[in-house]
Amino acid sequence: MPQMRSLVFKNGALYDGMVSSSRMLCHIDGDKLYEGTITSSSKALCTIKNGKIYQGMIVSSSRQLGLIDDGKAYKGTIKSSSRVVLSFKNGTVYRGGIVSSSKAMGSIKGAEYLDEAYLAAMIHFFVEPIFA
């Protein structure tokens, strides 16, 4: 799996290295994160709706992997009973719930303004499984 410092997000797609000479890992189309380069021939990894991350294409029949609330990614379906797996602050992603005592995972170049749910999904599928 790639490390975060080598990942670049540009024009709705995540690349492993320089955009002009590297492989596109995934792309965003609407509320879905697709593996690969072409929506019609790519597998939908997850659907993002209202800060919730669902594995698969259809929210009503997909398992919820996690949710995002107030700069934190939770594993599970309900904030009060779910474990915090990531924290986001100033473009940096931290492993755990407390930024001051959590290990910084780094950042993805160009993803500073990306919705945190999409960022958490990219980390889960391409850096480290956080919702497993």
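Using Cα pairs closer than 8 Å and at least 6 residues apart in sequence, work out the relative contact order for the range 1-71, in percent.
Values: 121 pairs, mean separation 10.7, N = 71.
After rounding, I find 15 percent.
Go ahead and estimate [θ] at 222 nm for the chain from helices alone: -39,500 (n - 2.57) per DSSP H run with n ≥ 4, summed, over the residue count, rounded to 500.
Rounded to the nearest 500, it is -2500 deg cm²/dmol.
Given a cut-off of under 8 Å on Cα pairs at least six residues apart, what relative contact order in percent is computed for the range 73-126?
Details: 64 pairs, mean separation 12.5, N = 54.
About 23 percent, as a whole number.
What's the local net charge at GLY66, with K and R +1, D and E -1, over the other residues with C-beta under 12 Å away?
+4
Counting alpha carbon pairs within less than 8 Å and at least 6 residues apart, what relative contact order, in whole percent, applies to the chain?
Computed over the chain, the figure is 19 percent.
Just want the answer: with Cβ charges of +1 for Lys and Arg and -1 for Asp and Glu, which residue in ILE38, PHE9, PHE126 is farthest toward the dipole's positive end in the chain?
PHE126
Using the crude model of +1 on Lys and Arg Cβ and -1 on Asp and Glu Cβ, and no other charge, please compute the dipole size for the chain relative to its Cα centre, in debye to 20.
On the way: 16 positive and 10 negative charges, 62 e Å.
Charge dipole of the chain: 300 debye, to the nearest 20.
Once you list every other residue whose beta carbon is under 15 Å from the beta carbon of SER20, what net charge do they have if Lys and Arg are +1 and Asp and Glu are -1?
It works out to a net charge of +2.
Percent antiparallel among DSSP beta bridges with both residues in the chain, to the nearest 5?
Of those bridges, close to 95 percent are antiparallel.
May I ask for the net charge around LEU7, where only other residues with Cβ less than 13 Å from the Cβ of LEU7 are counted and Lys, Arg are +1 while Asp, Glu are -1?
Working: positive: ARG5, LYS10, ARG23, LYS109; negative: ASP16, GLU112, GLU128.
Combined, the nearby Lys, Arg, Asp and Glu give +1.
Given +1 on the Cβ of Lys and Arg, -1 on the Cβ of Asp and Glu, and no further charges, what dipole in debye does the range 72-132 carry about its Cα centre, rounded to the nearest 20?
I would put it at about 240 debye.
Computed from the coordinates by the stated procedures, all read-outs in this text should not be read as laboratory data. Fair warning: this is a prediction, and the values are worked out from it, not measured in the lab. Glycine also receives a Cβ, built like all others from the backbone with ideal geometry; neighbour counts cover every protein chain displayed.
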